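What follows is one structure encoded as C-alpha cells, with my remarks underneath.
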Amino acid sequence: MDTRVLKYFLTVAQTNNITKAAEQLHITQPTLSRQIMELEKELGVTLFDRTNRHLQLTKAGIMFQQRATTLIQLLEQTTTELHQQKKQLTGQINLGCAVSNASPFMMKLVAAFQKNHPAVSFNIFDGDGDILRRQLDEGVNDLACLLEPVEAAKYNFLVLPVREEWGLLMRKDDPLASREYITKEDLYKLPLILPRRNIVRDEVSDILKLDQTRLNVRATSNLPSNSTVLLRTGRYYSLVIRGVLDSFNDPTLAFIPLSPNKSTGDVLVWRKNTILSPATEKFLQFVGDHCQQS
C-alpha cells in the first residue's frame, strides 16, 4: 500500500469532498476518485458513504482513518530520526503520563533533558493506564509512566522513586474530612466514584479485604478531571491516589488516606522487542541515572 494513497485518503476524510481534496493535493478529481476506489478494492471494504451530497466515513473508514494517521505519523517521525545530525541529538519522543505524583517528577526530567538536548522534542499524552498501554502497543507512545502493576512479560520498565498513597477524595467541609483515615466499613456506606481499571480496583480491594459487591458505586472514571466536578456537589466520594489532589491543587477538596495504608509504585515502561530511537534511548538512560541517584 502506497503511503501517498494513505495521504490522499486522509485528505478526503478531512474535507468530506473529492473536489476540495483534489485541489489541496494538486491532482485531478478523476485521478483522486480512482485512487480511493482502488484503495477500497485493495482493503475489501467501503470507506466512504456516497449516498449523501458530501462524503461521510463509514465505520470501517473511521477505523482506517485512525490507523492511517498513526502510520503516517510514525513514518514521518522515523524519517526525521534517520536524518539526524551526527553532532547533535535530535528527534521526537512520545511520552504518556497518568495523572499522579509521577507527572511533575517526569516533567522535571523532560525539562532537564531538553536543556542538554534542545533539538529533541516531546509529544506528551495524558490518560489512564488502559489508554496509555494501548498507545504503547499501537506504537503511538514510545514510553509511558504508569502505576504498578504492569505486565512484566510484555514491557520493560524502570522503577521510579515515586510512590502513590491511596485514599478518599471529598469536599473539604465534609464531616469525614476531619478523619485521620478511612476504613472499609466507611467505604461500604458512601456513594463512590472508582477507578475504571479493574486491576487497580482489585489490588486496593485485596489490601483492604473489600467485598466489592457491598460498595455503592455511582460512577467509574479513567481521568479525575470530570469526577472532581461531581465531588464538589458533596454527594460523591472518589477512591484515588494522593497525586490527584496534588495535581489539581483544589483548596475545596480534601484527601483522607485508607487504613490499612495502601501505596503503589510508579514505573516508566516501554515495549519489549522494540527498537527505540536514539533520542528515546538517551532519555531512558537519563531517567535511569536520575533514579539511581535518587
Tabulated pairs, the range 153-164, first at negative phi, second modelled with pLDDT under 90 and of a type in the set (D, E, K, R), C-beta under 7 angstrom, 6+ apart or interchain: E164/R242
Name, by its number, the condition in (1) under 30 Å from A119 (Cα atoms); (2) over 24 Å from the mean Cα position of the chain (by Cα) that does not hold for Q212. (1)
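One line per residue, one yes/no per condition, for (1) modelled with pLDDT of 90 or more; (2) under 28 Å from P260 (Cβ atoms); (3) part of a strand (DSSP E or B):
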position: F122; (1), (2), (3): yes, no, yes
position: D130; (1), (2), (3): no, yes, no
position: Q135; (1), (2), (3): yes, no, no
position: G139; (1), (2), (3): no, no, no
position: A144; (1), (2), (3): yes, no, yes
position: V150; (1), (2), (3): no, yes, no
position: L160; (1), (2), (3): yes, yes, yes
position: L169; (1), (2), (3): yes, yes, yes
Entirely in the range 215-294, the strands (runs of 3 or more DSSP E) that have 3 or more residues that are free of Cβ contacts under 8 Å to residues at least 60 places away in the same chain: 216-221
Within the range 11-101, considering only helices (runs of 4 or more DSSP H) that don't extend past its boundaries, which have at least 2 residues that are over 30 Å from G129 (Cα atoms)? 18-25, 29-43
If you check S238, S259, S225, which single one turns out to be farther than 19 Å from V150 by Cβ, small (G, A, S) and in contact with a helix residue (DSSP H, G or I) (Cβ under 6 Å, 6 or more places away or on another chain)? S238
So, in the range 230-281, of the ones that are modelled with pLDDT of 90 or more, more than 30 Å from K209 (Cα to Cα) and of a type in the set (V, I, T), which residue ends up surrounded by the fewest Cβ atoms within 10 Å (Cβ to Cβ)? T252
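The values are calculated or read from the model by the stated rules, or taken from the named source; none is laboratory data. None of these values were measured; they are calculated from a predicted model. Cβ: placed from backbone, ideal geometry, glycine included. Neighbour counts: every protein chain shown.
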